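Below: the structure, in structure tokens.
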Amino acid sequence: MVGVFEVGAVPFNPDGWGPPDSAAAASTTTTLPLHVPFAPFSRSDKLGRIADFTRSFPSSNANPSNRPSSRHGAGNPADSPFDFSLDVDAFPLANPEDDSSFRLVDAKPPPRPKFGPKWRFNQNRPQLPQRRDEEVEARKREAEKERARRDRLYNLNRSNQNQQRREAAVFKSSVDIQPEWNMLDQIPFSTFSKLSFSVPEPEDLLICGALEYYDRSFDRITPKNERRLERFKNRNFFKVTTTDDPVIRRLANEDKATVFATDTILSTLMCAPRSVYSWDIVIQRVGNKLFFDKRDGSQLDLLSVHETSQEPLPEAKDDINSAYSLSVEAAYINQNFSQQVLVRDGNKVSFDEPNPFANEGDEVASVAYRYRRWKLDNDMHLVARCEVQSVVDVNNQKSFLTLNALNEFDPKYSGVDWRQKLETQRGAVLATELKNNANKLAKWTAQAILANADLMKLGYVSRVHPRDHFNHVILGVVGYKPRDFAAQINLNTANMWGIVKSIVDLCMKLNEGKYVLVKDPSKPQVRIYEVPADAFENDYVEEPLPEEEQVQPPTEDAEDGEANVTTNDVEDKKIEAQN
């Protein structure tokens, strides 16, 4: 038989919620269990928790007074009716001291939230439970921080690996240091940044050669109407060093100056702090005169590519994207570009003397040599041979131009595709080139300033296909004023001349003889060696193979095949140097 659950008499309270407070009413509640706590409240109070099981109190053994209890008057009085820990009267048979020996099976402390309001640091106040959505957001933020930290570590390790590979790739010196050479001095690049020297305006001693006019239609080239880069087989280009120049020899015999050099050598010295690859300059002290020369087959005849980039280039020399192959390719591109952007109608601007390096009847490239003299001090003058490639009429006045070309070989290395970005984001393309080719652009700017060119034209030349290093297209041509561009790339003219003046003063203190200035391949510094008088005279020069002996690129499609036939009939790539 099912038992009947009997409910005791429940008195009616007309004044509020809960049992009445009068003694008479209390006598009627004898059927209810004794010592049951109850929290009194009025009808205007908001209903909260029935019981809070998330509260945590300090240890009773440490300081029992910290426990919220009605006996001690501490804590929240609204929570005191739900605290049974000190209610000894409710359980008279139990021993209060037994609680100190009681332990839970799981002794692990309850987890504390990692994120919470500011008052969570107050240890004397009870902590409220964290909302679920706040916990989710906190975990998301923690995961994002952890992901960002892993990305930083990955990029840092990757850059360190690239830097190690890059140093290994360019570790070879530009010239083999012989054991009989005597090192005289070692100059770190950090001392070059503090130098400054101002020179007065130079004077033109002589201008040789002839210039063709610039074709303004190339300024309107865009990646959508690109033009094929032609090759000029019959035009001769000369890379003659200082002491082999007949004009400089004549000026030296006439005692026009004490220091002689070329614009290529001077720009290498002026921009030495930006260089990464190794280079060398031969210095000859003859009497009271100083000659800065380059070796036959020197790296100064080529153009570096991605020299200041953090992306490593392939180390194999026969790879089309190796540093040496790209340097040869860039030299060819610059020569062909400087002749293609001209108006080839036979109209030329001639100067005092013809090209000093050409034989009679030879077809020479459009170039003019300006022999200029700078005053370094009262007893010292410097004469340099400077080059300009073209001329243009501006306001009925002839302005000299220098023509150079930046070349794109594979967008994967630079991260910027010229065909997509050049027309809409030309500034981003130039900024990327300034980062990857800082030394080359600085040297071009220094050469334009030395030659007193009114404008320097930069062409953007790219491969037809990333694996085809024979055929190229012109994607655009941009003009800059040399001094404005120098300020844009943070190239200080006074610092450039300060570097040259310091090296000249150092070399003038040396005895008569031959010396070589070598850029250290792995450290930002240069060294000066004393070498024998017959050094570098019988050096073997490794010439690049002719095109017919090189490995031809695979034909991608019929259009590329027709382009190959068309461009290969124009000319061969070849650098001809005359001593």
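Within the stretch 253-264, restricting attention to residues that are in contact (Cβ under 8 Å) with a residue 60 or more places away in the chain and part of a helix (DSSP H, G or I), which residue is most open to solvent (accessible area, probe 1.4 Å)?
Thr264
Could you check the stretch 180-196 and list, in sequence order, the residues that are open to solvent by 80 Å² or more (accessible area, probe 1.4 Å) and touching a helix residue (DSSP H, G or I) at 6+ places or on another chain (Cβ under 9 Å)?
Listed by number, the residues that qualify are Ser193, Lys194, Ser196.
Kindly indicate the residue of the stretch 452-461 that is part of a strand (DSSP E or B) and open to solvent by 10 Å² or more (accessible area, probe 1.4 Å) and also farthest from Leu403 (Cα to Cα) among those meeting that condition.
Out of the qualifying residues, it is Leu455.
Please find, within the stretch 324-347, the residue that is surrounded by the most Cβ atoms within 10 Å (Cβ to Cβ) out of those that are of a type in the set (Gly, Ala, Ser) and at pLDDT 85 or above.
Going through the qualifying residues, I end up with Ser338.
What number of residues in the stretch 362-395 are among the acidic types (Asp, Glu) and farther than 27 Å from Lys509 by Cβ?
So the answer is 4.
Restricting attention to the stretch 352-391, which residues are open to solvent by 30 Å² or more (accessible area, probe 1.4 Å), in contact with a Lys or Arg (Cβ under 7 Å, 6 or more places away or on another chain) and in a loop (DSSP other than H, G, I, E, B)?
Glu363
Confirm whether Thr268 is open to solvent by 30 Å² or more (accessible area, probe 1.4 Å) and closer than 22 Å to Met508 by Cβ.
It is false that Thr268 is open to solvent by 30 Å² or more (accessible area, probe 1.4 Å) and closer than 22 Å to Met508 by Cβ.
Go through the residues of the stretch 218-225 one by one and say whether even a single one is more than 31 Å from the chain's Cα centre (by Cα) and open to solvent by 70 Å² or more (accessible area, probe 1.4 Å).
Among the residues of the stretch 218-225, not one is more than 31 Å from the chain's Cα centre (by Cα) and open to solvent by 70 Å² or more (accessible area, probe 1.4 Å), which makes the answer no.
Modelled with pLDDT of 90 or more, more than 24 Å from the chain's Cα centre (by Cα), farther than 19 Å from Phe197 by Cα and small (Gly, Ala, Ser): does that describe Ala494?
So Ala494 does not fit the description; no.
So the check is Cβ under 8 Å with 6+ separation or different chains; which pairs have a first residue in the stretch 412-425 that's open to solvent by 70 Å² or more (accessible area, probe 1.4 Å) and a second one that's assigned to a helix (DSSP H, G or I)?
Going by the 8 Å Cβ cut-off, the qualifying pairs are Arg419/Pro223; Gln420/Pro223; Lys421/Ala428; Lys421/Val429; Glu423/Pro223; Glu423/Lys224.
Just to verify a result, which residue in the stretch 500-517, among those that are open to solvent by 10 Å² or more (accessible area, probe 1.4 Å) and among the hydrophobic types (A, V, I, L, M, F, W, C), is nearest to Val259 (Cα to Cα)?
Among residues in the stretch 500-517 that are open to solvent by 10 Å² or more (accessible area, probe 1.4 Å) and among the hydrophobic types (A, V, I, L, M, F, W, C), the one nearest to Val259 (Cα to Cα) is Met508.
For Gln284, which of the numbered conditions (1) within 28 Å of the chain's Cα centre (by Cα); (2) crowded, with 17+ Cβ neighbours inside 10 Å fails to hold?
So the condition that Gln284 fails would be (1).
Filter the stretch 296-307 down to the residues that are more than 19 Å from Arg463 (Cα to Cα) and open to solvent by 30 Å² or more (accessible area, probe 1.4 Å), then identify the one that is farthest from the chain's Cα centre (by Cα).
Going through the qualifying residues, I end up with Asp296.
Table: residues versus (1) out of contact with any Phe, Trp or Tyr (no Cβ under 8 Å at 6 or more places or on another chain); (2) within 25 Å of Ala323 (Cβ to Cβ); (3) open to solvent by 10 Å² or more (accessible area, probe 1.4 Å).
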| residue | (1), (2), (3) |
| --- | --- |
| Thr432 | yes, yes, yes |
| Gln447 | yes, yes, yes |
| Leu450 | yes, no, no |
| Arg463 | no, yes, no |
| Asp468 | yes, yes, yes |
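May I ask you to say which residue of Arg250, Arg228 is of a type in the set (Lys, Arg), in contact (Cβ under 8 Å) with a residue 12 or more places away in the chain, over 24 Å from Val531 (Cβ atoms) and open to solvent by 60 Å² or more (accessible area, probe 1.4 Å)?
Arg228
Go through the stretch 470-484 and report how many residues are part of a helix (DSSP H, G or I) and surrounded by fewer than 20 Cβ atoms within 10 Å (Cβ to Cβ).
Adding up the residues that qualify gives 2.
Can you go through Pro554, Pro521 and tell me which one is modelled with pLDDT under 90, part of a loop (DSSP other than H, G, I, E, B) and either open to solvent by less than 50 Å² (accessible area, probe 1.4 Å) or touching a Gly at 6+ places or on another chain (Cβ under 8 Å) (or both)?
Criteria check complete, one pass: Pro521.
Val199: surrounded by 12 or more Cβ atoms within 10 Å (Cβ to Cβ) and either β-branched (Val, Ile, Thr) or modelled with pLDDT of 85 or more (or both), yes or no?
Spelling it out, Val199 is indeed surrounded by 12 or more Cβ atoms within 10 Å (Cβ to Cβ) and either β-branched (Val, Ile, Thr) or modelled with pLDDT of 85 or more (or both).
Six or more apart or on different chains, Cβ atoms under 6 Å: show the pairs whose first residue is in the stretch 183-195 and within 7 Å of Gln525 (Cα to Cα) and whose second is in a helix (DSSP H, G or I).
Phe189/Pro273
The values are calculated or read from the model by the stated rules, or taken from the named source; none is laboratory data. The structure presented is a predicted model; accordingly, all values stated were derived computationally and were not measured. Don't worry about glycine lacking a Cβ; one is built from the backbone with ideal geometry, like all the others, and counts go over all protein chains shown. We work out accessible area using only protein heavy atoms, side chains counted, and drop any ligands, DNA or RNA first. Shrake-Rupley method; radii C 1.70, N 1.55, O 1.52, S 1.80 Å.
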